[in-house]
Amino acid sequence: MLNTIALFSSSRRNGNTGEFMDRIASELAVEVVDLANLRLSPYDYDHRNRDDDFEPLMERVLSHEQVIFATPIYWYAVSPAMKVFLDRISDFLEVPDLLPKGRQLRGKNAFIVCTSICDEPSAAFMAAFHETFEYLGMNFGGVAHVNCEHGYSPAVHDTDAFTFSALVRDTGVRSGLSSI
Ligand SMILES: Cc1cc2nc3c(=O)[nH]c(=O)nc-3n(C[C@H](O)[C@H](O)[C@H](O)COP(=O)(O)O)c2cc1C
């Protein structure tokens, strides 16, 4: 089982969240999956979208023990593609042949990487993630948030990236994972 995967979604790949996530990913040597490069259609009650890229993506996620969700805060919420991804997790809780795999999310460590123009991430944004992780049985491992009111500044923000990377690494070690 591989250790950590990062799911990234922003309206710009090389914006604040992208820079922050890339700094963390290079510390941890983890893969960053940009949801913008995938065909992810919105949740469908009739699951007529099973041929898009969601199921292969979830297979990749399930082959890791730790998942980093990286998104800017847009209107107190996640970015649109991240919301689609979270909605589509419902497929793995509803479609009979996906259900056993959906249960494999339980016990995985979940982390948040986010940026905004405030000193703290919005309470509503955090609550949505906390409740989602709780519902899915995932362990909340921690959050890295930086205020990018003046853009991403390596001199100011890289320390947070390094501190968070150490947290992800240590959480993996405490969970008995051999490598990141
Ligand atoms: C559509 C939109 C909505 C935003 N909503 C919020 C918000 O609710 N709270 C906040 O602090 N910043 C908000 N911001 C600022 C962004 O979170 C911030 O600039 C972030 O670093 C952008 O990351 P990005 O470069 O990856 O898009 C918003 C920005 C945009 C474009």
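The numbers here are math on the coordinates, done by the rules we state, and not lab data. Not measured: the values here are computed from a predicted model. Ideal geometry is used to build each Cβ from the backbone, glycine not excepted, and the neighbour counts take in all protein chains shown.
Just a few scattered comments:
- Pick from region 43-66, criterion buried (at least 20 other Cβ atoms within 10 Å of the Cβ) and touching a residue at least 40 places away in the same chain (Cβ under 8 Å), ranking: farthest from HIS130 (Cα to Cα): MET58
- Number of the exception - ASP91 against (1) over 17 Å from ASN16 (Cα atoms); (2) under 16 Å from the mean Cα position of the chain (by Cα): (2)
- Entry remark, region 16-42: residues being free of Cβ contacts under 8 Å to residues at least 60 places away in the same chain, out of contact with any helix residue (DSSP H, G or I) (no Cβ under 7 Å at 6 or more places or on another chain) and surrounded by fewer than 16 Cβ atoms within 10 Å (Cβ to Cβ) number 5 in total.
- Of the residues HIS150, HIS130, the single one that is within 19 Å of TYR74 (Cβ to Cβ) and touching a strand residue (DSSP E or B) at 6+ places or on another chain (Cβ under 8 Å) is HIS130.
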